[in-house]
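See structure below.
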Amino acid sequence: MQTHLKTSVAALALSLAGGSALADINVGVVFSLTGPAASLGAETKKAVELMPQTLGAEKINYIILDDATDPTNAVKNARKLIGENKVDVILGPNLITSGTAMADVANEEKTVLLSMAPIEVAADKQKWAFRVEPTAEIMVGRAVEDMKEKGIKTVGFVGFNDSWGELLLKALTKTSDAAGIKIVATERFARTDTSVTGQALKVVAAKPDAVFVGGSGTPAALPQSTLRERGYKGPIYQSHAVANRDFLRVGGKAVEGARLAVAPVLVAEQLPDSHPNKKVGLAFVQAVEAKNGANTRSTFAGASWDGWLMLEGAFTTALKSAKPGTPAFREAVRDALEKTSKLVGANGTYTMSPTNHGGYAPTSPVLIEVANGGWKLVK
């Protein structure tokens, strides 16, 4: 895998395949490069910059569009990529609301959507919609497992007032109930809010043993810093969607000690040698940090890279029976993705099926905490 990754990175500057390409493979990419979720989009884009420009004799084009953290723009971008750019697949977006809306377009146009957001769509809309990110239940469940081990009996929730916040609350409710932990406060805030004092005071008044912040990116630092300012001294857990350097920078000392479940790539060097994703994770970390500098890895970039690994296998299989740019090729890519089995990536291991278009192994995530402005493996 490490050799393959280095080859893929080198392909950005030099075509590794001899002869003329038979046809171009067009990959549409939709990320939030501006707006409240820009920190997520910037991270996922790092992996796209490492993706190879050729596969065998085929040239690969990446058409990157910014949805500006707006589901309406995401849908427009999807239609443009399919209608004008004739893409064979769409990679992205970062937000569930955007991904869910784009899934409708993918099914309508019979073009694969490989979502970076953990979308969950109805069975009748699943055929062309896949995801790389694990379900919220898997990741939140890992944090709740730690709460139970620490003897926590009550938890407060303060999260986004959107579909991501709702998904995290739903996951927390289900997993905490199973663990015998009671939710004693539920507060919401908007991604663009500059103050959550009222919500923090209500959570503090409920006196929970721990607090779970249901946010993502840099906006998720605000509730934790406010809780600390208002005197809350209990443990604070964050969602896996805060795992980037900007969150640490914005949160500063206020987010020290925060615990979260994450994909293993974030702490690849700290993993035991027995962890199945360590070798792939280390290879990816070396590549992304060679291009972007030290400490520029993230689980969001790792997810995008794992998306490429899925597509690489699917494209390779599809090319045996169809030509890029055709309905037959798109159908073959879809069929091959659905047969992904035990694919070892930087973020986790994946096995898909006709009824599971995500396939992230529940054993893949690890628990970490913020320590001295960085990420520390807990277990």
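The values are calculated or read from the model by the stated rules, or taken from the named source; none is laboratory data. The structure displayed is predicted, hence computed values, not measured ones. Don't worry about glycine lacking a Cβ; one is built from the backbone with ideal geometry, like all the others, and counts go over all protein chains shown. Quick note on the areas: whole protein, heavy atoms, side chains included, nothing else; ligands and nucleic acids left out. Shrake-Rupley method; radii C 1.70, N 1.55, O 1.52, S 1.80 Å.
A few comments on the model shown:
- Scanning region 124-141 for residues that are surrounded by fewer than 23 Cβ atoms within 10 Å (Cβ to Cβ) and in contact (Cβ under 8 Å) with a residue 12 or more places away in the chain yields Lys125, Gln126, Lys127, Thr135, Glu137, Ile138, Gly141.
- Where Asn107 falls short, out of the listed (1) surrounded by fewer than 23 Cβ atoms within 10 Å (Cβ to Cβ); (2) in contact with a strand residue (DSSP E or B) (Cβ under 6 Å, 6 or more places away or on another chain); (3) not β-branched (Val, Ile, Thr): (2)
- Thr316 meets the stated requirement of being open to solvent by 40 Å² or more (accessible area, probe 1.4 Å) and either closer than 18 Å to Met51 by Cβ or in a helix (DSSP H, G or I) (or both).
- Within region 170-180, not a single residue is in contact (Cβ under 8 Å) with a residue 24 or more places away in the chain, open to solvent by 10 Å² or more (accessible area, probe 1.4 Å), in contact with a strand residue (DSSP E or B) (Cβ under 6 Å, 6 or more places away or on another chain) and of a type in the set (A, V, I, L, M, F, W, C).
- Out of Asp88, Asp67, sole residue that is open to solvent by less than 40 Å² (accessible area, probe 1.4 Å), in contact with a helix residue (DSSP H, G or I) (Cβ under 9 Å, 6 or more places away or on another chain), within 22 Å of Met310 (Cβ to Cβ) and without any contact (Cβ under 8 Å) to a residue 40 or more places away in the chain: Asp67
- Residue in region 341-354 that is most open to solvent (accessible area, probe 1.4 Å), counting only those that are of a type outside the set (A, V, I, L, M, F, W, C) and without any contact (Cβ under 8 Å) to a residue 40 or more places away in the chain: Lys342
- Residue within region 101-113 that is more than 28 Å from Val265 (Cα to Cα), without any contact (Cβ under 8 Å) to a residue 12 or more places away in the chain and not small (Gly, Ala, Ser) present: yes
- Whenever a residue of region 366-379 is farther than 12 Å from Gln270 by Cα, its partners that are of a type in the set (Val, Ile, Thr) and open to solvent by less than 10 Å² (accessible area, probe 1.4 Å), lying with C-beta atoms within less than 6 angstrom and at least six residues away or across chains, give the pairs Val370/Val255.
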